[in-house]
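Participant: Before I ask anything, here is the structure I am working with.
The values are calculated or read from the model by the stated rules, or taken from the named source; none is laboratory data. All figures in this text were calculated on a predicted structure; none of them were measured in a lab. Here Cβ is always computed from backbone atoms with ideal geometry, including for glycine, and neighbour counts include all displayed protein chains.
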Amino acid sequence: MVHAIPGVEGFMYPNEVELQWGLLVVVYPYITGLVAGAFILASLERVFRVEAVKPTYRLALLTALAFLLVAPLPLQLHLGHPERSLEMYLTPHKESAMAMFGFVYLWYLMVVLLVEIWLDYRADIVRRAQSETGLLRIVYRVLTLGSMNISPASLHVDERLGWIMTIVGIPSAFMLHGYVGFLFGSIKANPWWSTPLMPIVFLFSAMVSGIAGVQGIYMFSMWVRKKTIDMRCVDTIGTYLFYAFIIDFSLEMLDLLHRTYESSESFASLDFMVHTRLFTSQIVLQIIVGTLVPLAILAATQVLTLAEQTRKRMYATASVLTLIGIFFMRWNVVIGGQLFSKSFLGYTTYKLEFATREGLLTAGVLMILPLFILWGLVKLLPPWTEETAS
Amino acid sequence: MRVSFQDAKHLISLVGLFAAAVGVFVILRAAVVPAGFGKYGHYRAGAIDDNRARAVKFAGQGECVYCHDAQLQVRDSGRHKTISCEACHGPQAKHVASDGKEKPAKPDVIPLCLNCHEKDAAKPAFLPQVVKADHYTGTTCSDCHQPHNPKM
């Protein structure tokens, strides 16, 4: 007599029945993607000197920092034993892609992002160190690193160095997220993951989510602060989002076409999975709701002449849908890659837990945490251009 | 714009901060990474000696047979002949070293048997398996099965 295991259909190897990588491993690439995307948006503004999007330059940097600080947490919670994570830095194994990733992360956080933010804010920090009182004064004084020199010449030095850091930062941000794609793409035993296109697809989807994230956060914070949204700025970002999204979508379709045409031995199994277990998350949420609809909205803003209010609503909707779409792209990669048997003869089910270490609640907290950090950062280092102008 | 050294002086503290961070890292690494790490491979060389120094807990079946020939005969006559004594009785080096004076604890029969025999799709087909709920009547497995030769 054969006893069916709940949620399993067909033949599964014993170690495939239960998913090892759950929701937190979905959240992790999603967060690093937002970091890389936000930073790349900020960098493009700076390197190509696009004046229109200036209002979001600093906001994008702070967003990148807030999310970057949270990025390791999902992995820590997933693995347990956070005290051991330091060992990855102390005794790194050269052959471990993940250990090397630790250094990419550290480089990006310490050398690129913090330095760039510091250089950009130095003048503000020094001014505040002189004007604030009490504890805040001490905080700002520490942040000045002991120099009150904000002569035009010294700011010019900062500007030049900041520009160099941006140039260094772009490949670093590409590496940060390309690497996440690489981690999946290089798992050769898994046909759902193993494709050299993976790092590139991850990178472009990161840019898409980062741009949408910054767009959304900008519009939302202007609404909260009851300030007028700079339409020239959101229009330009909307255009960027549209272009980046088209490239991202083309790459994913290219991947799909290639898989379909190649039809390797795994294809029937993966195809079946997409039509059954992944149907809602892949076809409905990722492709239709999270890609085609926002692309159509963005395309409409490009070709039609629309009233300001309508455009705002459309951008906001497109950003939110895009963020949902990219989240489900990560979901489909991570969870989808574990739902089928390597024998291609069976499928399992992912059971999402709620109030556990790797449950939905934890993931929700991890997604909201960066926004709180961002709120704190914005209080400490206001990114708004209107105020510095006045 | 003409830039003098004075205008770039604030960067010195930035560089200093990095140097300090690298310094802390190097010191921490020196303090925390155990001696001998990496000598043979990606592990602490002393771990081998530590393992060697650990007391042996299993005596090995070859010892049991000196004093328990009766049980051996029974076991070898049934299908449990491939299961070694200590797989069920646990590590018994102390029992052997004390010439039997240090008595082994009695096995906890039901979980012991079910560990191997509870129905599970992952187990190989040659292993006879039962579903406890369907199979089990009576107080414990050994009411019906003799553990050393469980054939009914």
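Participant: If A:PHE11 satisfies every condition in (1) over 30 Å from A:ILE164 (Cβ atoms); (2) in contact with a helix residue (DSSP H, G or I) (Cβ under 8 Å, 6 or more places away or on another chain) but one, which is the exception?
Facilitator: Among (1) over 30 Å from A:ILE164 (Cβ atoms); (2) in contact with a helix residue (DSSP H, G or I) (Cβ under 8 Å, 6 or more places away or on another chain), the lone unmet condition for A:PHE11 is (2).
Participant: Restricting to region A:291-340, name every residue that is assigned to a helix (DSSP H, G or I), more than 16 Å from the chain's Cα centre (by Cα) and over 16 Å from A:PHE242 (Cα atoms).
Facilitator: A:GLU308, A:GLN309, A:THR310, A:GLY336, A:GLY337, A:GLN338, A:LEU339
Participant: So, one more: Name the pairs whose Cβ atoms lie under 6 Å apart, with the first residue in region A:132-149 and more than 14 Å from chain B (Cβ to nearest Cβ), the second assigned to a helix (DSSP H, G or I), and 6 or more positions between them or separate chains?
Facilitator: Qualifying pairs under 6 Å: A:GLU132/A:TYR140; A:TYR140/A:ILE125; A:TYR140/A:ARG128; A:TYR140/A:ALA129.
Participant: So which residues in region A:297-321 are among the aliphatic types (A, V, I, L, M) and more than 30 Å from A:LEU352 (Cβ to Cβ)?
Facilitator: A:LEU298, A:ALA299, A:ALA300, A:VAL303, A:LEU304, A:LEU306, A:ALA307, A:MET314
Participant: Quick check, is A:GLY216 within 15 Å of the chain's Cα centre (by Cα), in contact (Cβ under 8 Å) with a residue 60 or more places away in the chain and surrounded by fewer than 21 Cβ atoms within 10 Å (Cβ to Cβ)?
Facilitator: For A:GLY216, the condition - within 15 Å of the chain's Cα centre (by Cα), in contact (Cβ under 8 Å) with a residue 60 or more places away in the chain and surrounded by fewer than 21 Cβ atoms within 10 Å (Cβ to Cβ) - is met.
Participant: Taking A:ARG58, is it away from chain B (no Cβ under 14 Å) and at positive phi?
Facilitator: So A:ARG58 does not fit the description; no.
Participant: For residues in region A:237-290 being among the aromatic types (Phe, Trp, Tyr) and under 22 Å from the mean Cα position of the chain (by Cα), which is surrounded by the most Cβ atoms within 10 Å (Cβ to Cβ)?
Facilitator: Only one residue fits best here, namely A:PHE245.
Participant: Just give me the residues in region A:341-370 being touching a residue at least 12 places away in the same chain (Cβ under 8 Å) and not in a loop (DSSP other than H, G, I, E, B), in sequence order.
Facilitator: Correct list: A:GLY346, A:TYR347, A:LEU360, A:THR362, A:ALA363, A:LEU366, A:MET367, A:LEU369, A:PRO370.
Participant: Given the residues A:ALA123, A:ALA129, A:ALA173, which is the only one that is more than 9 Å from every other protein chain (Cβ to nearest Cβ), at pLDDT below 90 and either closer than 25 Å to A:ALA38 by Cβ or in a helix (DSSP H, G or I) (or both)?
Facilitator: Every option except A:ALA173 fails the conditions.
Participant: Return only the number of the condition from (1) out of contact with any strand residue (DSSP E or B) (no Cβ under 6 Å at 6 or more places or on another chain); (2) farther than 30 Å from A:ALA4 by Cβ that B:GLY78 does not satisfy.
Facilitator: (1)
Participant: Can we say B:TYR66 is among the aromatic types (Phe, Trp, Tyr) and within 14 Å of chain A (Cβ to nearest Cβ)?
Facilitator: Criteria not met by B:TYR66.
Participant: If I filter region B:94-152 down to residues being assigned to a helix (DSSP H, G or I), surrounded by 12 or more Cβ atoms within 10 Å (Cβ to Cβ) and of a type outside the set (A, V, I, L, M, F, W, C), which single residue comes out as farthest from the other protein chains (Cβ to nearest Cβ)?
Facilitator: B:HIS95
Participant: Is there a residue being at pLDDT 95 or above, assigned to a helix (DSSP H, G or I), within 25 Å of A:ALA60 (Cβ to Cβ) and assigned by TED's automatic domain parsing to the domain that holds A:GLY346 anywhere in region A:268-290?
Facilitator: Looking for residues that are at pLDDT 95 or above, assigned to a helix (DSSP H, G or I), within 25 Å of A:ALA60 (Cβ to Cβ) and assigned by TED's automatic domain parsing to the domain that holds A:GLY346, one finds at least one in region A:268-290, hence yes.
Participant: Consider A:SER264 against the criteria (1) assigned to a helix (DSSP H, G or I); (2) more than 20 Å from A:ILE211 (Cβ to Cβ); (3) in contact (Cβ under 8 Å) with a residue 12 or more places away in the chain: it satisfies all of them except one. Which criterion is unmet?
Facilitator: Result: A:SER264 passes all but (1).
Participant: Of A:PHE103, A:PHE182, which residue is more than 22 Å from A:PRO383 (Cβ to Cβ), out of contact with any strand residue (DSSP E or B) (no Cβ under 8 Å at 6 or more places or on another chain), more than 14 Å from chain B (Cβ to nearest Cβ) and in a helix (DSSP H, G or I)?
Facilitator: It is A:PHE182.
Participant: If you don't mind, another one. From the list A:THR91, A:THR63, A:THR56, A:THR32, pick out the single residue that is in contact with a strand residue (DSSP E or B) (Cβ under 8 Å, 6 or more places away or on another chain) and either crowded, with 17+ Cβ neighbours inside 10 Å or not assigned by TED's automatic domain parsing to the domain that holds A:LEU241 (or both).
Facilitator: A:THR91
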